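The next block holds one structure in the form of structure tokens; read it before the comments.
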Amino acid sequence: RLFLTMGTGLDAVFEVDHRRSFWKSGGLSLLLTFGVLLLLLVAMILLVIGPEVARILLKNYNIPWLHLLLSAGTRWSVACGFMLISTAVIYWSVPSVKLPWKIITPGSLFVVISWVIMLEGFRIYVENIAHYNETYGALGGFIVLLAWLYMTGAILMMGGEINGVIYRSAREKAESL
């Protein structure tokens, strides 16, 4: 349902009518949902297993570049790279307009930078200011997840709007020539 809604929003941003059939847009939405779930599963596994594997490798091998490769900065770089790839796939495949494949667009760069800032800010807010577990009990974690998903969706739509404005401007410029 998320990618169907996003498709409708991105079609409005790119000023195109929804051209895909329900089956085609539903299949694409299902495929993207499974792809995102797979990325989340891999990320969770890497979060749990990654530090332990890094500790074992660094203890057994004294290689300077391996230490650099396994540092926290590299993990953030890999996460940002996955986010760039994910947004590129979303902005390329979801709108009902034929767009060229570009891994780095102004909208995807905006999404990655904004998402990292939002993630850190939201983490600080939840850890220090908000006390959802005290207010909502066991549902506190679910409410935090919903708030995070809402903010992530808003950032994704803003990045799509940035790409849409650039697309419309280029299209108008090409039509005026």
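Please treat every number below as a calculation from the coordinates, not as lab data. Source: prediction; values computed, not measured. So basically every Cβ, Gly included, is an ideal-geometry build from the backbone, and we count neighbours across all protein chains shown.
Quick rundown of the values:
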{"quantity": "Modelled FRET efficiency - R0 30 Å, Tyr61 with Leu41, Cβ distances, 0.05 increments", "calculated": "0.60"}
{"quantity": "Rh (Kirkwood; distinct C-alpha pairs) - the range 92-177, Å", "calculated": "15.3"}
{"quantity": "Cα-based reach from Lys98 at 20 Å (exclusive), listing lysines while leaving out same-chain residues under 8 positions away", "calculated": "Lys24, Lys173"}
{"quantity": "Förster radius 45 Å - calculated FRET efficiency between Leu177 and Val78, Cβ distance, rounded to 0.05", "calculated": "0.60"}
{"quantity": "In degrees, nearest ten, helix 72-93 long axis to first principal axis of the chain (Cα)", "calculated": "20"}
{"quantity": "Spatially proximal aspartates and glutamates relative to Lys59 (Cα-Cα < 16 Å; intrachain offsets below 8 disregarded)", "calculated": "none"}
{"quantity": "Extension gain (nm, one decimal) between Glu134 and Thr5, 0.36 nm per residue minus Cα-Cα", "calculated": "43.1 nm"}
{"quantity": "Separation between Cα centres of the range 143-177 and the range 119-142, rounded to whole Å", "calculated": "28"}
{"quantity": "Length added when fully stretched, Val53-Ser96, from 0.36 nm per residue minus Cα-Cα", "calculated": "11.2 nm"}
